Amino acid sequence: MPTLTTFMTFDSQAEEAANLYLSIFEEGKITSIQRAGDKVFGLTLELLGRTMFFMNGGPTFTFSQGFSLFVACDTQAEIDRYWGKLTDNGGKEVQCGWLVDRFGVSWQIVPRIMTELLGSKDPVKSKRTMQAMMKMVKLDIAALKRAHDGEA
């Protein structure tokens with residue numbers, strides 16, 4: 001069976017990015033490192049159960065918001081923790097649960113319950129949830145639930 005690996009090309013910070021992400025998310029490890037002489041060319045890591053390959057490719061490679069890493073969180077504490085660590089040291093908050101880390105990688109830090117709230121069989125509840133989300137930068141689970149239930 002074929003495999004699918006997320007392949008990301010950084011300027012020269014592949015190892016730095018891998019180490020940051022592994023320090024943020026509990027489940028992960030570097031499984032191999034490829035070198036060109038004494039410099040890291042690329043590395044393979046497992047992050048939250050997914051295989052990823054990070055390569056140093058030079059300054060012509062950049063990231064855009066057309067690609068993002070989506071992290072479904074169970075609690076507000078998880079959202080707050082991941083958000084803080086990914087925006088620290090040069091990351092940027094965007095909107096609706098999106099951020100860009102200091103390497104230019106876009107992330108979506110989203111409560112797992114969001115699918116249920118936006119997928120409600122009651123279109124009025126879904127619309128209220130969407131309207132509340134559109135006003136947020138970092139997502140707030142309690143506020144989204146209140147909006148869904150018409151309490152906001």
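We did not get these values from a lab; they are worked out from the coordinates using the rules stated. Everything quoted here is computed from the prediction, not taken from an experiment. No Cβ is skipped: glycine too gets one built from the backbone with ideal geometry, and neighbour counts run over all protein chains shown.
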Q) How would you order 103-114, 55-66 from highest to lowest mean count of nearby Cβ atoms within 10 Å? A) 103-114, 55-66
Q) How long, wide and thick is the chain, going by the Cα atoms along their three principal axes, in whole angstroms, largest first? A) 61, 38, 25
Q: Filter the GluC sites (Glu not before Pro) in the range 27-136 down to the DSSP loop ones having no more than 11 other Cβ atoms within 10 Å, then list what survives.
A: Glu27
Q.
Quick check for you: which residues of the range 46-71 have the amide N under 14 Å from the point 7 Å beyond the Cα of Lys39 toward its beta carbon?
A. 55-61
Q) Between Phe61 and Gln131, what is the spin-label point distance in nm, taking each point 7 Å from the Cα along the Cα→C-beta axis? A) 4.5
Q: Tell me what the chain gives for mean residue ellipticity at 222 nm when only DSSP H runs of n ≥ 4 count, each as -39,500 (n - 2.57), the sum divided by the residue total, rounded to 500 deg cm²/dmol.
A: -9000 deg cm²/dmol
Q. Ile30 to Glu116: FRET efficiency via 1/(1 + (r/R0)^6), r the Cβ-Cβ distance, R0 30 Å, to the nearest 0.05?
A. 0.30
**Q.** Within straight-line cross-link reach of Lys127, lysines at Cα separation under 20 Å, skipping those fewer than 8 residues along the same chain
**A.** Lys135, Lys138, Lys145
